[in-house]
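Here is the structure we will look at, set down as structure tokens.
Here, each number is a calculation from the coordinates, and none is a lab measurement. Everything numeric in this text was worked out from a predicted model, so none of it was measured. Note: ideal-geometry Cβ built from the backbone for every residue, glycine included; neighbour counts use all protein chains shown.
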Amino acid sequence: MDPIFVTSNPDKRREVEDILGMKLLSASPEVHEIQHLDFAEVARAKAASARDALGDPPEPVIVEDSGIVFRAWNGLPGAFSRWFLEAVGVEGMLGMLSGERDRRALAVCVVAVSMRGEGIKTFRGEVQGEVATAPRGAGGFGWDPIFVPEGSSLTYAEMGEVKHEDSHRARAFREAGRWLARRG
Ligand code: ITT
């Protein structure tokens, strides 16, 4: 049965459809987002809220929670990345690291799959990298202009479609896709 991907973010939808090479059923019900530093906790709560809001459909319901983690900030902005971006943008996020020598960061995506009558299964994708000293690149979205994945000199925003070849999102969704395929 084709899964329903619930997100309010069209950039995520575009990337996920590219990664999985298929269109996903879409729905944008009002989904409650809890505040928690643990991506998996947030993704699980979103999945439960989305299943509920859709009236407990027979299809798998998929959501994800993602963000960027600064090593020097011990987990922040992490699952709060959305709120940091809305409040201070990437420039403000760069300001968080202005006095720091450690610019290491982790891009994280946790996919939560809710099956009717079963628990919620999560899949985590991570990519190590560094925070650029200034925003670079016109592609992508969110914090893409300031994240440079390990092994590259380009930011995600400079990489264009190449980002999805091995991004935090690609890693998490490919694993979720394989798990769903095995269940038939
Ligand atoms: P949902 O409806 O799926 O929750 P959202 O945009 O609110 O959509 P999150 O709560 O997961 O998503 O917040 C993640 C924040 O990080 C949000 O501001 C995104 O724009 C941003 N973001 C997520 N994935 C990203 C990526 O791959 N590159 C850059 N920014 C990203």
- Note on the structure: Inter-part gap, Cα centre of the stretch 1-48 to Cα centre of the stretch 109-184, in whole angstrom, is 13 Å
- Item | Theoretical gain in end-to-end length, ARG71 to GLU59 [0.36 nm per residue, Cα-Cα removed] | 0.5 nm
- Per-residue ellipticity at 222 nm for the chain, helices alone: DSSP H runs ≥ 4 residues times -39500 (n - 2.57), over residue total, nearest 500 deg cm²/dmol? -10500 deg cm²/dmol
- Note on the structure: Ratio for the stretch 102-184, C-alpha Rg to 2.2 N^0.38 Å, reads 1.26
- Query: About its Cα centre, what dipole magnitude does the stretch 1-120 give when the only charges are +1 on Lys and Arg Cβ and -1 on Asp and Glu Cβ, stated in debye to the nearest 20?
  - Reply: 320 debye
- Item | Intensity falloff of the chain expressed as log10 I(q)/I(0), Debye formula with alpha-carbon point scatterers, at q = 0.17 Å⁻¹ | -1.06
- Item | Cα-derived Rg to Rh of the stretch 1-67, Kirkwood definition | 0.95
- Given the convex hull of the Cα atoms of the stretch 57-97, what is a quarter of its surface area in nm²? 3.8 nm²
- Task: Towards the positive end of the charge dipole of the chain, with charges on Cβ (+1 Lys, Arg; -1 Asp, Glu), say which of TYR156, ILE34, PHE123 has the farthest Cα.
- Result: PHE123
- Dipole of the stretch 52-184, positive direction: furthest Cα of ALA181, ILE146, TRP73, with charges on the beta-carbon: ALA181
